[in-house]
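Quick notes on the structure that follows.
The values are calculated or read from the model by the stated rules, or taken from the named source; none is laboratory data. The shown structure was predicted, so the numbers you read here are calculated from the model rather than taken from an experiment. Heads up, the Cβs are rebuilt from the backbone with ideal geometry, glycines too, and the neighbour counts pull from every protein chain shown. Heavy atoms of the whole protein, side chains included, go into the accessibility calculation; ligands, DNA and RNA do not. Shrake-Rupley method; radii C 1.70, N 1.55, O 1.52, S 1.80 Å.
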Amino acid sequence: MSNNLTITKGTACKSLPQWEMDGFIKIIQAVLLASIPFLLKNPISFILLFTYLLGVTFVSRIKPRTLITSSVSYCIVFLIPFLFGILMNHFLYMITGDDLFADNQGTHEVYLRLIRLFLIWYISILYFNTTPIQTVVGLFDMILKPIKLIGVPVSDFLKIVMYVVMDLSVCGTEIKESLGEKIREAAGGSGKKFKINIKTISQIIVSLIINSFDRLDKIEKLMGENNDEIYKYSFRLTKKDGISVLSFILFVVTVLLIERG
Amino acid sequence: MSKNRKDAIIIILVTNAILISFIESFFPLPIPIPGVKLGLGNIITMVGIVFLGLKDILLIVVVRSFVVAVLTRGVTMLPFSLSGGILSALIMWVLYKKFSQLFSIKIISIIGAIIHSTAQVMVASMMLGQLIVLYYLPALFITSIVSGFITGRIGELVINEIRNKEIFTAKKIIV
């Protein structure tokens, strides 16, 4: 089961051997990078930050498709409701002429927030797409140690997360093989056939749920085993970490110089 | 039931929720509003509400949000999944446990979908510091009724089938 761990991390994981870095150093850099947009005022600094991130994206060899797929969530949650809001405000102002709907919402501050949120999202995507899930979960286990000390079952939670990821990697392939044809058939229906599709969809979901419980004993057995290696993080410094830290320091110094004029 | 068995059930249900969301991408909702989807993954929350305890349901929601955020959407999406997921699960649980004579699974699902969308838009509004985002609510409200009804209908069929096959009552699961 654990042999399939990297499957769910998608194609980005395949690039790891070329640019493998220590997860802890990377997370510190990611957090600092995500904080920088809140301190910047000069537009040139933002351009520099975007350029730096593009460079990181290029070096990490993340496929544009991965970024585009992930960006859909950002657009749906922030961008579309915001743009819709601006449009509605403008429309209501045109109809009523009421100052209440005057287009004072699209201020510099809001766009700055949108950019900052975009950058946080982008940096998190870069981090999670270039770090093996075992390392991410291992790091969470380490970072959340203080909470563990007060009795919060962090390890239990992370163990469940790890087994979900492993289960997903196994089931994803199985589903494609066993239910793929049925899904394609059900999805092929037109709008008029949506009622029929509901029945087919429910049949697919029922068989998925019922078949999934065949794995119950196996997963329970795995949970019972003293498997400490399921996720782990160990600090490991490489030349790549050194280069990365140096480039980051260089970037921060340049930004500081620009910000100070 | 042993802790490992309970955890194994949670793992299976979370995996199913994520896989169902993946399957859902093959069935686009015939409504041309960006961001609107059926939310079939919530069927697992409904299954949990009917067959499991509140603590287990919340664990399912939290683990699912965490895994999806880490694997696909990024951490900025975590507050949205968590707020929408936890709030809708809590309200659906209360409605099912206390007012099941008044509300069917379909109605509970519709209410859950509305709560989910509302919570997400509220979080977006707070994060952007802008109330104009709330203009999106009426559109989401209408689509939540449609998607909640469809999800509720499928959920009802799934729950009945699970009851018939005695998945959660069979000796093989509860030991």
Please state the relative contact order of the range B:3-165 as a whole percent: Cα pairs under 8 Å, 6+ residues apart? 24
For chain B, with a Gaussian network of springs between Cα atoms less than 10 Å apart, report the residue from B:Ser21, B:Ser100, B:Ser83 with the top mean-square fluctuation. B:Ser100
Going by amide H atoms built from the backbone, whose H comes under 5 Å of the H on B:Gly41, apart from near neighbours? B:Ser21
Would you grab the residues whose amide H sits under 5 Å from the one on A:Glu20? Only those 5+ places off in sequence or on another chain, please, with H modelled 1.01 Å from N. none
So, for the protein assembly as shown, what is the accessible surface per residue at a probe of 1.4 Å, expressed in square angstrom? 50
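So which trypsin sites (Lys or Arg not before Pro) in the range B:69-171 are both in a DSSP loop and have at most 16 other Cβ atoms within 10 Å of their Cβ?
Working: sites: B:Arg73, B:Lys97, B:Lys98, B:Lys106, B:Arg153, B:Arg163, B:Lys165, B:Lys171; in loops: B:Lys165, B:Lys171.
Listed in order of number, the matching sites are B:Lys165, B:Lys171.
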Suppose we compare each residue of the range A:122-153 in its chain alone and in the full protein complex with a 1.4 Å probe; which ones drop by at least 40 Å² of accessible area? A:Phe128
Which whole-Hz couplings ³J(HN,Hα) result when phi for each residue of the range A:135-148 is put into the Karplus expression 6.51 cos²θ - 1.76 cosθ + 1.60, θ = phi - 60°, listed in order with x for Gly and Pro? 5, 4, 5, x, 5, 4, 4, 6, 5, 8, 3, x, 6, 4
Which ³J(HN,Hα) values, rounded to whole Hz and listed in residue order, are derived for the range B:93-102 from phi using the Karplus coefficients 6.51, -1.76 and 1.60 in 6.51 cos²θ - 1.76 cosθ + 1.60 with θ = phi - 60°, glycine and proline given as x? 5, 4, 4, 6, 6, 9, 10, 5, 6, 8
Expressed in nanometres to one decimal, the distance between label points 7 Å along Cα→Cβ at A:Leu87 and A:Asp217 is 5.6
Under a Cβ-only charge scheme (Lys and Arg +1, Asp and Glu -1), can you give me the dipole magnitude of chain B about the Cα centre, in debye to the nearest 20? 480
If you put +1 on each Lys and Arg Cβ and -1 on each Asp and Glu Cβ, how big is the dipole of the protein assembly as shown around its Cα centre, in Debye rounded to 20? 600
Given charges at Cβ of Lys, Arg, Asp, Glu: the protein assembly as shown dipole, positive-most of A:Phe128, A:Gln203, A:Met166: A:Gln203
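With a 1.4 Å probe, what is the total accessible area buried between chains B and A, in Å² rounded to the nearest 100?
Details: alone 10230 and 17430 Å², together 21610 Å².
Roughly 6100 Å².
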Among the listed pairs A:Lys232/B:Lys3; A:Lys176/A:Lys199; A:Lys159/B:Lys98; A:Lys148/A:Lys221; A:Lys63/A:Lys221; A:Lys26/A:Lys218, which have their C-alpha atoms separated by more than 28 angstrom in this model? A:Lys159/B:Lys98; A:Lys63/A:Lys221; A:Lys26/A:Lys218
With x for Gly and Pro, the residue-by-residue ³J(HN,Hα) of the range A:244-252, computed from phi through the Karplus equation 6.51 cos²θ - 1.76 cosθ + 1.60 at θ = phi - 60° and given in whole Hz, is 4, 5, 4, 5, 5, 4, 4, 5, 4
What does the net charge come to around A:Pro153 if you take all other residues with beta carbon closer than 14 Å to its beta carbon, with K and R at +1 and D and E at -1? +2
Can you list the residues in the range A:42-88 whose accessible area drops by at least 10 Å² when all protein chains are present, compared with the chain alone? Use a 1.4 Å probe, heavy atoms only. A:Ser70, A:Ser73, A:Ile76, A:Val77, A:Phe78, A:Ile80, A:Pro81, A:Phe82, A:Phe84, A:Gly85, A:Met88
Would you mind getting me the FRET efficiency between B:Gln101 and A:Thr66? Use the beta-carbon distance for r and R0 = 51 Å, nearest 0.05. 0.60
Quick check on the range B:110-171: what does the Kirkwood estimate of hydrodynamic radius come out to from the alpha carbon pairs, in Å? 13.5
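Given the rule -39500 (n - 2.57) for each run of at least 4 DSSP H residues, summed and divided by the residues of chain B, what is its mean residue ellipticity at 222 nm, to the nearest 500 deg cm²/dmol?
Helices in chain B give a 222 nm mean residue ellipticity of -24000 deg cm²/dmol.
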In the protein assembly as shown, what percent of the accessible surface is made up of carbon and sulfur (1.4 Å probe, ligands and nucleic acids excluded)? 66
